[in-house]
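Notes to accompany the following structure.
The values are calculated or read from the model by the stated rules, or taken from the named source; none is laboratory data. Just so it is clear, the model here is predicted, and its values are computed rather than measured. Please note: Cβ atoms are built from the backbone with ideal geometry, for glycine as well, and neighbour counts cover all protein chains shown.
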Amino acid sequence: MGKNNDELNRMRSYSSIFSSTYFKRLLKNNDYSFINDKIVHYDKNVVGKRINTYNDYIRFVYGELRKNYRNEYVYKNTFINELVLNKYGLSDTNVINEFRVGNSVADIVMFNGTSKAFEIKTELDSNKRLRGQLSDYRKIFKESYIITHENLAEKYLKEDDSVGVIVLRQTQRALKMIEIRKAKINNKICPNTVMQVVRTNEYKNIVKEYFGVLPEMNSFNMFSICEEMIERIPQKDLDKLFISELKKRKTNTSRIKIYQKELKQLGLAMNLNDVKYSKLLEVLNEPIKL
């Protein structure tokens, strides 16, 4: 990215601010140390001028990352602002941050009338694990997408022609996300993988919904009995039942639109309800005290 070492270190340091762990600590203990450390180290001279509150500083840092160091947080946040809200929509949709499938963790997954997995490959990332990740996602998701910078589009378009590609484009005023290739629909779903990714109540619901009744079982044999029954469900039906269960999972997807644009991904990752989000804004709007 053409940055000297000091500038690169500053950007890397900034990128650690948007951490769920730090923000949970801020909410619980009013612990501003993770923000204060950055201000003391890099930005004491701007405090009291255009930056007065912690929220001012968060917006400033996000703007710096957006221009100079587009890390995974910036990609996820732009994806939510640009595509989830403007293209896919929130009605009848469940968006889940970081979803484990096999040996992989999809960055964002989405369930509505279909199931989609999104794997982010920023300019800072390697693609060495990509084939394994896509192979895992195909076991349960109908559509898989790679999200990357437009300068890397050609590389990822050649990777796997069944995978959709979404690119991040830098305009003069903002970041945009554009889907340049739609994913091919995958109609296969692996029952064993379904059993690994769903919760106990979810796999029991799938069995009951399809067979009409739950068999007699106890805590020792429940998993194996349900797995054997789920293996007997036709793939098309299992796919619908799987999507239906994951759409019921409790998330804060419907609230995403009310979150401040820099904090949408953080709100999703922390699964903030309205009360906690109001508290977060309250503590961030405090004047900076060093």
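Here are a few things to note about the model shown:
- All helices (runs of 4 or more DSSP H) inside region 228-290 with 1 or more residues being exposed (fewer than 13 other Cβ atoms within 10 Å of the Cβ), at pLDDT 95 or above and acidic (Asp, Glu): 274-284
- Taken together, the residues in region 138-163 that are without any contact (Cβ under 8 Å) to a residue 60 or more places away in the chain, buried (at least 21 other Cβ atoms within 10 Å of the Cβ) and either among the charged types (D, E, K, R) or in contact with a Phe, Trp or Tyr (Cβ under 9 Å, 6 or more places away or on another chain) (or both) amount to 6.
- Residue within region 87-96 that is assigned by TED's automatic domain parsing to the domain that holds GLN172 and in a helix (DSSP H, G or I) present: yes
- When region 164-222 is limited to residues that are assigned to a loop (DSSP other than H, G, I, E, B) and of a type in the set (Ser, Thr, Tyr), the one that is nearest to THR122 (Cα to Cα) turns out to be THR171.
- Checking each residue in region 72-118 for being charged (D, E, K, R) and farther than 23 Å from GLU262 by Cβ picks out ASP92, ARG100, LYS116.
- Filter result for TYR88 (of a type in the set (Ser, Thr, Tyr) and closer than 24 Å to LYS188 by Cβ): yes
- Against the criterion of being in a helix (DSSP H, G or I) and touching a strand residue (DSSP E or B) at 6+ places or on another chain (Cβ under 7 Å), THR78 qualifies.
- Residues in region 171-183 that are free of Cβ contacts under 8 Å to residues at least 40 places away in the same chain, of a type outside the set (A, V, I, L, M) and either touching a Gly at 6+ places or on another chain (Cβ under 7 Å) or surrounded by 14 or more Cβ atoms within 10 Å (Cβ to Cβ) (or both): ARG181, LYS182.
- Each residue in region 208-241 was checked for being in contact with a Pro (Cβ under 8 Å, 6 or more places away or on another chain) and closer than 24 Å to VAL109 by Cα, and 5 of them qualify.
- Taking every residue in region 18-30 that is free of Cβ contacts under 8 Å to residues at least 12 places away in the same chain and pairing it with any residue that is surrounded by fewer than 17 Cβ atoms within 10 Å (Cβ to Cβ) and outside any helix (DSSP H, G or I), at least 6 positions away or on another chain, the pairs with Cβ-Cβ distances below 6 Å are ARG25/ASP31.
- Scope region 28-37; condition part of a helix (DSSP H, G or I) and surrounded by 17 or more Cβ atoms within 10 Å (Cβ to Cβ); matching residues: ILE35
- Being within 11 Å of the chain's Cα centre (by Cα) and in contact (Cβ under 8 Å) with a residue 40 or more places away in the chain holds for only one residue in VAL95, VAL105, and it is VAL95.
- Filter pass, GLU154 being touching a strand residue (DSSP E or B) at 6+ places or on another chain (Cβ under 8 Å) and not assigned by TED's automatic domain parsing to the domain that holds ASP239: no
- Checking each residue in region 242-275 for being closer than 20 Å to TYR32 by Cα and touching a Gly at 6+ places or on another chain (Cβ under 9 Å) picks out GLN260, GLU262.
- When THR53 is tested against (1) of a type in the set (Ser, Thr, Tyr); (2) in contact with a Pro (Cβ under 7 Å, 6 or more places away or on another chain); (3) closer than 21 Å to ASN273 by Cα, only condition (3) is not met.
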